[in-house]
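Asks: Pasting in a structure now, in structure tokens, and then I'll have a few things to ask.
The values are calculated or read from the model by the stated rules, or taken from the named source; none is laboratory data. Nothing here was measured: the structure is a model prediction, and the numbers come from that model. We place every Cβ from the backbone using ideal geometry, glycine too, and count neighbours over all the protein chains shown. Keep in mind that these areas ignore ligands, DNA and RNA; they rest on the heavy atoms of the full protein, side chains included. Shrake-Rupley method; radii C 1.70, N 1.55, O 1.52, S 1.80 Å.
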Amino acid sequence: MSASNYIHIDVDDILRETDNAFLVLFDGEEIWIPKSQVADFADYRQGDKNCTLSISKFIAKVKGIEYD
């Protein structure tokens, strides 16, 4: 995906990690984000706090995350 297909979200915490997804605390809600929809997902781990994830606009829409 090109960079224009991503948005940046500030997550409070990566609560859990599986082989395929992250459970993040974002805007007071726990949301599963597939790693396939996160740019450079290998840079992040369970327990990371106050980080910015670049996620696809597609998954943002599916998860109800608003963006401009």
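Asks: Can you list the chymotrypsin sites (Phe, Trp or Tyr not before Pro) in the chain that are in a DSSP coil and have 14 or fewer other beta carbons within 10 angstrom?
Replies: Y67
Asks: If you don't mind, there's one more thing I want to ask. Give me the percent of accessible area attributable to carbon and sulfur for the chain, probe 1.4 angstrom. If you can, show how the numbers build up before the last one.
Replies: Working: 1960 of 4440 Å².
That fraction is 44 percent.
Asks: Give me the net charge of Y44's neighbourhood, meaning all other residues with Cβ under 15 Å from the Cβ of Y44; Lys, Arg count +1, Asp, Glu -1.
Replies: -4
Asks: Which aspartates and glutamates does K63 reach when only Cα atoms under 19 Å apart count, and residues fewer than 8 places away in its own chain are ignored?
Replies: D10, D12, D13, E17, D27, E29, E30
Asks: Could you give the length gained on full extension between D48 and T18, defined as 0.36 nm per residue of separation minus the Cα-Cα distance, in nm?
Replies: Working: separation 30, 0.36 × 30 = 10.80 nm, distance 1.41 nm.
Length gained, D48 through T18: 9.4 nm.
Asks: Loop-only check: which trypsin sites (Lys or Arg not before Pro) in region 4-48 are DSSP coil with at most 11 other Cβ within 10 angstrom? Before the final figure, lay out the partial values.
Replies: On the way: sites: R16, K35, R45; in loops: R45.
Sites meeting the loop and neighbour criteria: R45.
Asks: Would you calculate a helix-derived [θ] at 222 nm for the chain, using -39,500 (n - 2.57) for each DSSP H run of n ≥ 4 and dividing by the full residue count, to the nearest 500? Before the final figure, lay out each step's value.
Replies: Values: 1 runs with 7 residues, N = 68.
Value at 222 nm, helices only, nearest 500: -2500 deg cm²/dmol.
Asks: Quick one: accessible area per residue over the chain, 1.4 Å probe, rounded to a whole number of Å²?
Replies: Heavy-atom accessible area per residue stands at 65 Å².
Asks: If you don't mind, there's one more thing I want to ask. At 7 Å along Cα-to-Cβ for each site, give me the label-to-label distance between D40 and L25 in nm.
Replies: Those two pseudo-labels are separated by 2.4 nm.
Asks: On to the next question. How big is the dipole moment of the chain about its Cα centre under a simple scheme where the beta carbon of each Lys and Arg is +1, that of each Asp and Glu is -1, and everything else is neutral? Debye, nearest 20, please.
Replies: About 260 debye.
Asks: Here's another thing I want to ask about it. Quick check of the Kirkwood formula: for the chain, what is the inverse mean of 1/r over all pairs of different Cα atoms, in Å?
Replies: Here the Kirkwood hydrodynamic radius works out to 11.8 Å.
Asks: Additional query: Accessible area, 1.4 Å probe, largest first: how do K49, K63 sort?
Replies: Final ranking, largest accessible area leading: K49, K63.
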